[in-house]
Structure formats: C-alpha cells, structure tokens
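Reviewing the structure listed below.
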Amino acid sequence: FNAIIKEENDAPKKDLSAYKNVWVFAEQREGKIMPVVIELLGEGRKLADEIGTDLCAIVLGNNIEDLSKELIAYGADKVYLAQHELLEKFTTDGYTKVITDAINEIKPEIVLLGATHIGRDLAPRVAARVDTGLTADCTKLEIDPEDKKIMQTRPAFGGNIMATIVCPNHRPQMSTVRPGVMDKAHRDDSRTGEVIEIDVKLSKEDMRTEVVEIVKTKKEMVSLTDADVIVSGGRGLGKPEGFELLKQLADKLGGVVGASRATVDAGWIDHSHQVGQTGTTVKPKIYIACGISGAIQHLAGMQSSDIIIAINKNANAPIFEVADFGIVGDLYDVVPALMDALDRA
Ligand code: FAD
C-alpha cells in the first residue's frame with residue numbers, strides 16, 4: 001500500500017524559483033567522509049541530472065580543505081566549504097547555525113542528509129529555522145516527471161505502508177536518507193569542480209554547548225552497512241548460543257552476523273546487529289536469513305540485498321517470498337552442511 005501525502009496548506013511564502021541545485025550534507029568525522037555521503041552523492045547525481053541542476057556538497061569542520069577533492073571525485077560539481085575553529089568538533093548549535101545561514105543565503109532546491117545520529121539531530125532544526133518541511137528516514141527518492149518536485153518515500157505506520165511525501169509550497173525540499181539504501185557514487189579522480197569558501201559567521205555566544213571530550217564506545221560495534229555478506233539469525237535459533245554457529249559461517253564467508261529484533265529483544269545479541277526498520281538497513285551482496293520468518297519490519301531493512309538466501313523449517317514463511325534461494329529445513333542441519341560444503345570447495 002502506498003500513500004501520497006501533500007501539504008495542502010497555503011500558497012508559497014517564498015519565491016520558489018530562487019531555489020536551485022541539489023545539496024548533500026557531507027558529514028565528516030575526524031576528517032573522514034561518512035559512507036552515507038557517498039550514497040547521497042550517488043542519489044543526488046541522479047536527481048540533479050533529472051532536474052537539470054548542479055550537485056553540490058556542503059562540508060563543515062576545520063582544516064578540511066582536502067575533503068573537497070574527494071567530494072568532487074564522487075560527483076559534486078561544487079563544494080561549499082565552511083571552516084571555523086568552532087566547527088572543529090560537531091555541535092548541534094554551531095552546525096545548525098552555519099547550515100541555516102548557508103541555505104538562507106544560497107537557496108538550494110533540495111537538501112539531503114544521512115539519517116545518522118548527526119543528520120537526525122540537525123535536519124529538523126535546520127528545516128524549522130528555514131521554514132520548510134522535512135521527510136525523515138527516506139528509503140527512496142524520485143523526481144516527479146511532470147513538475148520536477150522530489151517524491152520522498154519512507155515507511156510509515158510501523159512499516160505497514162510506504163508513504164510518498166511531497167513538499168510543494170516550501171523550499172528547500174529536505175530529506176534525511178537511511179544509510180545503506182542508496183547506491184554509492186563511483187569515484188573518478190579526474191573530475192573537476194568548484195570549491196567555494198563560506199564566510200562562517202560564528203562566535204562563542206552562538207554556542208550553548210562545549211564539547212569537552214569525545215569518549216569512544218568500547219563496545220565492539222558490527223559494521224553491517226559495509227559488509228558484503230551478512231549471516232542473520234532469528235528466533236528460530238532457539239537459544240543465544242545459536243549465534244556462535246552463524247558466526248562460524250560468517251567468518252568462512254568473510255561476513256558479519258546480523259539479527260532479527262526478536263533475538264535482540266530476547267537479549268541474545270546486541271542491538272548493533274539488528275537488521276530492519278528499527279535496526280540497520282543493509283544492502284550486502286549476500287544476505288543469509290536463518291530462522292527468520294520475514295516480518296515486514298525485518299524485510300524493510302534487507303530486501304534490497306543483491307542475493308537473499310533463506311533457511312527456514314516452515315516452507316510457508318514469508319521470507320521465502322523475497323528470497324532468491326530458499327532452503328526448507330532445520331538451520332542446525334543446513335548451516336553445518338553449508339560449512340562442510342564450503343570447506344570442500
Ligand atoms: P519469528 O517471527 O518468531 O520467526 C522465527 C522463524 O524461525 C519462523 O519462521 C520459524 O519457522 C523459523 N524456525 C524455527 N525454528 C527453526 C529451525 N530450527 N530452523 C529453521 N527455521 C526455524 N523486526 C526486525 O527483525 N527488525 C526490526 O527492525 C523490527 N522493527 C520493528 C518495529 C516495529 C514498530 C514493530 C512493531 C516490529 C518490529 N520488528 C522488527 C519485529 C517484527 O515484527 C518481528 O516480530 C520479528 O522480525 C520476528 O523475528 P524472527 O523472524 O526472528 O522471529
């Protein structure tokens with residue numbers, strides 16, 4: 001079921017024709033561009049080409065000139081560089097002010113941010129300050145061929161419908177996009193582009209918080225979004241120890257272990273492994289679902305994987321509807337047999 005939601009309110013308050021170009025917020029941490037930015041540049045390129053405008057990246061930080069080259073190589077026609085000592089570390093106040101000022105002055109038509117912790121923190125604050133709407137957590141973006149507006153699709157009502165949202169009367173059109181959903185842009189170091197320094201107007205009075213120290217989590221976090229192979233386990237494992245078997249298979253395939261929410265809620269595995277609507281959205285080359293029924297909220301996070309292999313003892317489990325290969329059987333028989341076959345290969 002797909003619902004189309006439009007703002008039905010008043011006529012435009014601004015001159016919408018003044019708004020041009022597609023912007024990607026190039027989130028960086030410690031001078032490294034986040035993987036979702038490469039995905040946004042891939043998607044932003046398609047949108048910009050369809051509307052016939054430039055693709056731009058805006059990057060904030062201090063001493064980060066080198067990142068412009070990388071952003072251009074991944075498809076940006078222009079890079080807006082906002083550098084200031086108060087932007088050295090991310091703060092909600094500093095970043096919100098600088099992005100808001102830049103949008104008010106340069107007037108982009110579309111602004112895309114990754115739905116990371118930082119993107120989710122910034123996007124609604126910026127949207128409210130520039131008086132526009134925001135579609136959070138998008139899984140699909142398209143340009144309406146008739147009026148060239150962006151159609152932003154996201155799961156709604158607990159994942160039971162996909163809602164397509166348009167923003168006809170305000171600019172910019174803003175979306176946060178789930179990491180791991182869009183295709184990455186290809187790098188071409190021969191590309192050229194323009195780098196524009198933003199005159200950052202920021203003083204200590206603008207900052208209500210000061211970052212004293214960044215303490216990195218000691219917990220081993222699994223990188224589901226970057227993995228080529230994910231071996232995921234569900235309630236069908238029957239016990240937490242079942243994940244040890246899946247880890248052996250994942251290790252043999254150079255992959256990582258994923259999980260359904262049922263197993264995370266049961267305390268069998270950490271939430272960082274959870275795939276799905278309230279977990280991570282993944283797009284690996286191979287996704288092996290072991291003892292997972294295929295609830296819509298789980299599928300929302302993995303159904304665009306290249307190859308899906310499902311192992312389930314119930315031949316009617318919904319997971320088989322999205323699987324490219326299905327094995328009906330007990331995972332405790334099938335997984336060891338698969339590992340034997342891999343050892344012999
Ligand atoms: P079950 O549905 O219980 O399925 C277990 C499967 O294992 C069954 O199909 C069974 O046939 C099979 N099985 C049993 N024993 C074996 C065996 N020995 N060998 C092989 N197969 C066997 N879920 C997520 O996963 N991710 C999310 O992000 C998420 N977000 C949610 C958000 C909301 C708002 C809501 C309401 C729910 C969300 N859920 C999410 C929960 C989701 O609805 C399901 O409850 C959950 O995915 C079920 O997990 P499961 O497939 O492991 O368990």
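Observations on the model:
- Distances between placed amide hydrogens fall under 5 Å for MET174 paired with VAL111, GLY133, THR135, all partners being 5 or more residues away or on another chain.
- Seen from ASP343, the other residues with C-beta closer than 14 Å to its C-beta sum to a net charge of 0, counting Lys and Arg as +1 and Asp and Glu as -1.
- Computed 3J(HN,Hα) for region 144-152, one whole-Hz value per residue from the Karplus formula 6.51 cos²θ - 1.76 cosθ + 1.60 where θ = phi - 60°, is 5, x, 7, 10, 6, 7, 8, 9, 10, glycine and proline marked x.
- The alpha-carbon atoms of the chain define a convex hull whose volume equals 159 cubic angstrom per residue.
- Computed over region 80-130: relative contact order in percent, which uses C-alpha pairs under 8 Å that are six or more apart: 42
- Cα centroid separation - region 201-259 against region 266-336, whole Å: 17
- Both radii were evaluated on the Cα set of region 204-298; the Rg over Rh quotient, with Rh as the Kirkwood radius, amounts to 1.13.
- DSSP beta bridges in the chain [antiparallel fraction, %, rounded to 5]: 20
- Residue-wise HN-Hα couplings along region 179-194, as the Karplus relation 6.51 cos²θ - 1.76 cosθ + 1.60 with θ = phi - 60° gives them from phi, are x, x, 9, 8, 6, 6, 6, 8, 7, 9, 5, 8, 5, 10, x, 9 Hz; Gly and Pro carry x.
- Taking a sphere under 10 Å around the Cβ of ASP199 and counting the other residues whose Cβ falls inside, with K and R at +1 and D and E at -1, yields a net charge of -2.
- Sequence-separation-based contact order of region 196-332, relative, with Cα cut under 8 Å and 6+ spacing, percent: 20
- Counting heavy atoms of the protein chains alone, LEU86 has an accessible area of about 40 Å² for a 1.4 Å probe.
- Within region 187-217, GluC sites (Glu not before Pro) in DSSP loop having at most 11 other beta-carbon neighbours inside 10 Å: GLU210, GLU213
The values are calculated or read from the model by the stated rules, or taken from the named source; none is laboratory data. Remember, it's a predicted structure, so these values are computed and weren't measured experimentally. Methodologically, a virtual Cβ is constructed for each residue, glycine included, from the backbone with ideal geometry; neighbour enumeration extends over all protein chains shown. Please note that ligands, DNA and RNA were not included when accessible areas were found on the heavy atoms of the full protein model with its side chains. Shrake-Rupley method; radii C 1.70, N 1.55, O 1.52, S 1.80 Å.
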